[in-house]
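Asker: Just dropping this structure here.
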Protein chains: 2
Amino acid sequence: MKYHASVDITLRQGILDVQGKTVEHALHSMEFGSISNVRIGKFVELNIEAPTQDSAYEAVKAACEKLIANPIMEDFHITVKEVA
Amino acid sequence: MKYHASVDITLRQGILDVQGKTVEHALHSMEFGSISNVRIGKFVELNIEAPTQDSAYEAVKAACEKLIANPIMEDFHITVKEVA
């Protein structure tokens, strides 16, 4: 079966997000003063062949832990959907 | 009201994703040969004060078009949720 996975990767709470702070500051200098707490992470999409949705999820989780994300500094959230 | 917005920013179809290709190649050289079509984008989270959910969405959309995303090369998808 073919699955499509989306992974949201975010810096862990407590780790200073310099890029987010910079974007927030720029937004405040435009007309977006009501925006706060901007945090910038990564968004990864991929296709995967696997026998079941659970095994697809486990393979993507392993790939995130070993290569895609930095488990010391980042959290990740995986969504897997079957592709028709 | 206070809202939390998540924005997935992806490179448009047809634009070469060099970072994604590099990650895909690295995954294939590990045990992840079943993964294909890796594309890497940005994930932005923020809080926003707005009178309604629709106005929060519109403000985030404007911020994406003017600063956060590059509308020539990138597509973005916004999810807005009310914060308790």
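The values are calculated or read from the model by the stated rules, or taken from the named source; none is laboratory data. These numbers were taken from a predicted model, which means no experiment stands behind them. When we count neighbours, we look across all protein chains shown, and the Cβ atoms used for this are built from the backbone with ideal geometry, even at glycine.
Asker: What single numbered condition from (1) surrounded by 15 or more Cβ atoms within 10 Å (Cβ to Cβ); (2) more than 16 Å from residue A:45 (Cβ to Cβ); (3) at the interface with chain A (Cβ under 10 Å from one of its Cβ atoms) fails to hold for residue B:78?
Answerer: (3)
Asker: Would you check if there is a residue in region B:23-36 being more than 21 Å from residue A:55 (Cβ to Cβ), among the aromatic types (Phe, Trp, Tyr), crowded, with 19+ Cβ neighbours inside 10 Å and at pLDDT 95 or above?
Answerer: no
Asker: Moving on. In region A:1-41, what count of residues is obtained for those that are part of a loop (DSSP other than H, G, I, E, B) and within 7 Å of chain B (Cβ to nearest Cβ)?
Answerer: Final tally of qualifying residues: 3.
Asker: Please list, ordered by first then second residue, the pairs with beta carbon atoms under 7 Å, 6 or more apart or interchain, first in region B:42-56 and more than 9 Å from chain A (Cβ to nearest Cβ), second at pLDDT below 95 and surrounded by fewer than 24 Cβ atoms within 10 Å (Cβ to Cβ).
Answerer: Qualifying pairs under 7 Å: B:51/B:1.
Asker: Something else now. Quick one: is residue B:62 at the interface with chain A (Cβ under 10 Å from one of its Cβ atoms), at pLDDT 95 or above and closer than 11 Å to residue A:35 by Cβ?
Answerer: Yes.
Asker: Right, something else. So which residues in region A:23-41 are without any contact (Cβ under 8 Å) to a residue 12 or more places away in the chain and of a type in the set (Gly, Ala, Ser)?
Answerer: Across region A:23-41, the qualifying residues are A:26, A:29, A:33, A:34.
Asker: Restricting to region A:47-79, what's the tally of residues that are in contact with a helix residue (DSSP H, G or I) (Cβ under 7 Å, 6 or more places away or on another chain) and part of a strand (DSSP E or B)?
Answerer: Counting residues in region A:47-79 that are in contact with a helix residue (DSSP H, G or I) (Cβ under 7 Å, 6 or more places away or on another chain) and part of a strand (DSSP E or B) gives 3.
Asker: Still on this structure, I have one more. Among the residues that make up region B:8-22, is at least one of them crowded, with 21+ Cβ neighbours inside 10 Å, within 17 Å of residue A:42 (Cβ to Cβ) and free of Cβ contacts under 8 Å to residues at least 40 places away in the same chain?
Answerer: No.
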